Amino acid sequence: MEPIEIIRVCKIFKEFPEEFKEELAKASTVISYKANDIIFEMDDDAHSLAILMKGRVDIMTTKRTQLIPFHTIYPGEAFALSSMITGKFHSSAKAVDDSQICAIPVDKMEKVLERDYRLAYMFMKQIAILVSTRLLKMHYHMDIAGSGYM
């Protein structure tokens, strides 16, 4: 699969015109990970938005000294959302299976988004929806874990 193909099917880019999707695809890099590789860790600098092309990735948080998964990413889904918001990761990510990601550098994304503020608004709205959904999911996991969490 090519970056343009995964960008076309990724929900957060649904409002993007084809020429913007193509521009993002040209700026992106495909990165491969083996099962159990750490893709990023909490507090790492976040420079690229990622879309899973192949495999499965767990987004994890800490419980005492352990990393525990709270969300699984499947092909076509965006992750590394902190890259678009704070520039630092607030969770960790690990490849569950051999995986490939399409990494889109934030600086390139910003140049595309600066040209169309309506598009930028729609894009950031999609990011906000993903973040709030994942926060609710993490909150649910915290409730299940009970006292002693974190």
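The numbers here are math on the coordinates, done by the rules we state, and not lab data. Here the structure is a predicted model, which means the values were calculated and not measured. Note that each Cβ is placed from the backbone with ideal geometry, even for glycine, and that neighbours are counted across all protein chains shown.
Is the chain best put as rounded, prolate or oblate by its Cα gyration tensor, with a ≥ b ≥ c the root eigenvalues, rounded for a/c under 1.5, and otherwise prolate when a/b is larger than b/c, oblate when not? Cα axes put the chain in the prolate bin. Whole-Hz Karplus values for region 38-46 come out as 7, 8, 7, 10, 3, 6, 5, 5, 10 Hz, taken residue by residue from phi with 6.51 cos²θ - 1.76 cosθ + 1.60 and θ = phi - 60°; glycine and proline positions read x. Placing dummy labels 7 Å off each Cα toward the beta-carbon, the span from residue 62 to residue 26 is 4.2 nm. The trypsin sites (Lys or Arg not before Pro) of region 1-79 that meet both conditions, a loop assignment by DSSP and at most 12 other Cβ atoms within 10 Å of the site Cβ, are 14, 34, 64. Our helix-only sum for the chain, with -39,500 (n - 2.57) per DSSP H run of n ≥ 4 divided by its residues, gives a mean residue ellipticity at 222 nm of -12000 deg cm²/dmol. Cα to Cα, under 18 Å, and not fewer than 8 places away if on the same chain: which lysines meet these conditions relative to residue 54? Once the sequence-local lysines are set aside, what remains near residue 54 is 11, 34, 94.
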